[in-house]
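Taking it in order: structure first as structure tokens, then the write-up.
Please treat every number below as a calculation from the coordinates, not as lab data. Computed from a predicted structure; not experimentally measured. Positions of Cβ are backbone-derived with ideal geometry, glycine not excepted, and every protein chain shown enters the neighbour counts.
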Amino acid sequence: MKESGLQPRSLGALIAVGLLVLLSGCGPGGAAAQRAKQAPAPLKAAASQAAAGPAAAWPTYGGGPDRWESYPEASVRGLRPAWTTPALDGAVYAQPIWQGSLAYIATENDTVYAVRLKTGRTVWRRHLGTPVPLGDLPCGDIGPLGITGTPVLAGGRLYVAAEVEPVQQRLYALDARTGRVLRSWSLDLPGTHAYAQQQRGALTYLSGTVYVPLGGLYGDCGPYVGQVVAIHPGRAAFAYRVPTARGGAIWATAGLALGGDGDLYAATGNSASTRAWDGGDSVLRLSPALKLLGYFAPRNFPQLNEADLDLGSTAPLPLPGGRLFQIGKEGTGYLLDARELGGIGHPLASGAVCAGAYGGDAYGGGLLYVPCTNGLVALRLTGQGFFAAWRQSGWDAGPPAVGGGAVFSVDEESGQLEVLAASSGRVLARETLGLVPHFDSPALAPGLLLVDAGQRVKAFTLVGPGAGNRARAGRRAR
């Protein structure tokens, strides 16, 4: 697993990668993987992308369960500061979400805030428990450890996963209007070692059930095993556990993705085996009942396991045409058939994209945006693969959001918010945020962009053409 704390990362270890050419199955995986398969039959469009016009909510990470990070905003050419919350009671790692007039912010001090979307004024706050001090954990880099994964809104309830003392993982259901705690559930099912687990990925809601991904702490210490825990009021909790003796964390910021077929897709980190497949460094297709329906692993998964090069450092991203994209720490992108993931070493196409990717991708306007440790890369899909439409190099790109013809990403090394033209990568604007968490994920709202900044959330007004934006000269895509 990769560090997730607030401290800056060094750029000295980044690896320069040349311009990506058209990919039709190149890269690791042997001859079978190098030959692109016939394109799969289309799946139905994801519900969160079907509606025209401005969306009424951003109720989960990425705006919808497909995690596209896309919003139907009017043309954007720059930013203007709108509001900043006062210092909150802990660091903010979860993506802000919103519905109607309220936005919701969660902190590592196990506190949830509801604020006015247009002003940032606090409407209510709810403290759920005492977070776990870093000294009470065998390893890790977030302290105290409280709410890290992005909550989810559904049916007037806000579902939040929190780590609380004594060391345990719990899911809370809050009244989204008042903040009243309606109910809570333990996420520590029999056989789980709570002290070695961490809840990092975004929560998913589907048909009355909340799905919570779990992984390990930074440092890969202790007997953790990646799993997805499902909570449905009135039913017994159930789970999928990665079939490994140890590891296989499901820890990417974007969590699980919901495909157009109604199944859930997860990506895992390194696991115990360096020979036989045991679920690590894989993409998993799970039914809503959490039955394993299929999987993909690169042919070199034993080496990925051994070197801690997690394929699951980002979440799977469902795409039009029944396809799925996955990229991890190694920087190799894989285009998959969502219905037939391909087993070991049989993607639709694969190839080098960048030095490594973390958090979650975005999709909009026919382009796929990949956040890499050496810049942001826009990929265009073809019938047989993908190629780089443009790349903005030389910075540590956080998970992007796209809307209004612009793409927004936080440079995690400098703490700057980058605003780029979605079609070309040209710099439109930059704003300094200061201290930011790793995998800082902006969220879009009507006329606004919300982004975490240490113990605060900042909102920026989206500026249209001719309105005097704050863009400054800088690097251009190449």
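Things to note:
- Report summary: the helix-based calculation at 222 nm, which adds -39500 (n - 2.57) for every DSSP H run with n ≥ 4 and divides by the residues of the chain, gives -500 deg cm²/dmol.
- Summing Lys and Arg as +1 and Asp and Glu as -1 over all other residues whose Cβ lies under 11 Å from the Cβ of L462 gives a net charge of +1.
- Options (i) 1.11; (ii) 0.93; (iii) 1.02 - which one matches Rg/Rh (Cα atoms, Kirkwood Rh) as calculated here: (ii)
- The stretch 386-471: C-alpha gyration tensor shape, a/c 1.5 cut-off, then a/b vs b/c: oblate
- By average C-beta atoms within 10 angstrom, highest first, the peptides 57-70, 75-88, 415-428: 57-70, 415-428, 75-88
- Computed from label points 7 Å out along Cα-Cβ, the spacing between S287 and S101 is 4.5 nm.
- Across the chain, the mean sequence separation of Cα contacts (distance under 8 Å, 6 or more residues apart), normalised by length, yields a relative contact order of 19 percent.
- Residues F238, F460, arranged from fewest to most other Cβ atoms within 10 angstrom of their Cβ, appear as F238, F460.
- Shown is the FRET efficiency for E340 and R183, computed with R0 = 41 Å from the Cβ-Cβ distance and rounded to the nearest 0.05: 0.55.
- Shape category assigned to the stretch 136-267 from the gyration tensor of Cα positions, a/c cut at 1.5: oblate
- Over the stretch 315-379, Cα pairs under 8 Å with separation of 6+ residues give a relative contact order of 26 percent.
- Counting charges near Y195 (Lys, Arg +1; Asp, Glu -1) among other residues having Cβ under 11 Å from its Cβ returns a value of -3.
- Compared with the alpha-carbon gap, the fully stretched path from R299 to T119 is longer by 59.7 nm at 0.36 nm per residue.
- Neighbourhood net charge (10 Å Cβ-Cβ; Lys/Arg +1, Asp/Glu -1) for S414: -4
- Computed over the stretch 68-197, relative contact order equals 16 percent, with contacts defined as Cα pairs under 8 Å that lie 6+ residues apart.
- Dipole of the chain, positive end: most advanced residue of Y369, C354, A445 [Cβ charges, Cα centre]: A445
- Per-residue Cβ neighbour rank within 10 angstrom, fewest leading, E165, E73: E165, E73
- Global form of the stretch 325-478, assessed from the alpha-carbon gyration tensor, a/c cut-off 1.5: prolate
- Gain on full stretching of the segment that runs from C139 to T432 - 0.36 nm per residue minus C-alpha separation: 102.4 nm
- Length released on extending from D261 to E306, taking residue separation times 0.36 nm less the Cα-Cα span: 12.9 nm
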